[in-house]
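Down below is the structure, laid out as structure tokens.
The values are calculated or read from the model by the stated rules, or taken from the named source; none is laboratory data. No experiment lies behind these values; they were computed from the predicted model shown. Backbone-built Cβ (ideal geometry, glycine too); neighbour counts: all protein chains shown.
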Amino acid sequence: MADTANRIKTFAVLGDPIGHSISPAMHNAAFEALGMPCEYRAFRVRLSDLRDAIHGARALGFGGLNLTIPLKEEALKYVDPDPIAARIGAVNTIDFASEITGHNTDGIGALRALDSAGVDIAGRNIVIIGAGGAARAIAFQFAYIGGMIVIANRTQERADRLARDVTIGLLELEKRPVVRSIGLAGLASEIADAEILINATSVGMHPHPDATPVSSDLLHSGLTVFDIVYNPLRTKLLSDAELRGATVIDGVRMLVHQGAEAFRIWTGREPPADVMLEAALRGLENRS
Ligand code: NAP
């Protein structure tokens, strides 16, 4: 165990690249607001150095770590994952409280983003576009609490695999998930019946802000449209959805709530989500 004479507890996000991370601004604002003697830093760590970085952070007495691209999947080799992170197949939060435990807070972040906007998930018809890392976390989490999910992906085999993984993974946890998969060609009829539409692809992200994963004529006023892309904050999908009378939720809320959940895991304290949101919005503004 490292000398803890330095009473400031250090937390960090590791990734490669890492220069544009908003996480230090969010977490440092939260520590300051709660008067906690803690700091949060960002370190560039290559995939091949991840194991040493995790063990080094633990030896130095760090309070916890976040992981971002491209480290989230590799980290599973070096941590004890909780049951959801193990099934998602990726870790974005590590805590050192007992062993080296891996969590995935992306799905909870998405859930709280919707919850904070007054949108329930259980029993609702939800279309998730995408089958990459973020879509996996959201599909597991939302199916876990009873959402009725359709996964639509450009590469349909990937959507099929995710639907199968969610079904098998949640049956093991004694849940009865309702999950189907389709290709993008099947989106029109699914969106017509959907209550919640989630873009979990990178379509619409900088530097292609004019792209959208869904033609605007498929959107309708009965939908809540949640775009997890946060750069730009107001994507074309959200602008189109608003014009069609849908309720819209932007991706920065997920970013804040996945961070807030990590904060809760590490510190046991209730995170000041509003302070973190303000810091994230300021960070995004300074970045652009
Ligand atoms: P990923 O694992 O690389 O997955 C990318 C997904 O986008 C795949 O489903 C891919 O489909 C699809 N896609 C990419 N280009 C496409 C195109 N031109 N047309 C249709 N589909 C396309 O990425 P990820 O980690 O899941 O991240 C996805 C997005 O979410 C990124 O923009 C990321 O910044 C954002 N994100 C936000 C948060 C947040 O807190 N708000 C958290 C995590 C991620 P194929 O399988 O066919 O390639």
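List of remarks:
- Residues in segment 112-132 that are crowded, with 24+ Cβ neighbours inside 10 Å and modelled with pLDDT under 95: 0 in all.
- Conditions (1) loosely packed, with under 15 Cβ neighbours inside 10 Å; (2) closer than 22 Å to residue 24 by Cβ; (3) within 16 Å of the ligand (Cβ to nearest atom): number failed by residue 90: (1)
- Of the residues making up segment 70-83, none is small (Gly, Ala, Ser), touching a Leu at 6+ places or on another chain (Cβ under 6 Å) and in the same structural domain as residue 148 (by TED's automatic domain parsing).
- Cβ pairs under 7 Å, 6+ apart, first in segment 133-150 and in the same structural domain as residue 167 (by TED's automatic domain parsing) and at pLDDT below 95, second within 16 Å of the ligand (Cβ to nearest atom) and among the basic types (Lys, Arg): 133/72
- Residues satisfying the stated conditions in segment 140-159, i.e. within 11 Å of the ligand (Cβ to nearest atom), crowded, with 24+ Cβ neighbours inside 10 Å and part of a helix (DSSP H, G or I): 159
- Residues that are surrounded by fewer than 19 Cβ atoms within 10 Å (Cβ to Cβ) and either farther than 30 Å from residue 18 by Cα or within 16 Å of the ligand (Cβ to nearest atom) (or both) are absent from segment 95-111.
- Taking the criterion of being small (Gly, Ala, Ser) and away from the ligand (no atom under 16 Å from the Cβ), the residues of segment 112-137 that qualify are 118, 122, 123.
- Residue ID - farthest from residue 126 (Cα to Cα), chosen from residues in segment 173-201 that are in contact (Cβ under 8 Å) with a residue 60 or more places away in the chain and not aliphatic (A, V, I, L, M): 201
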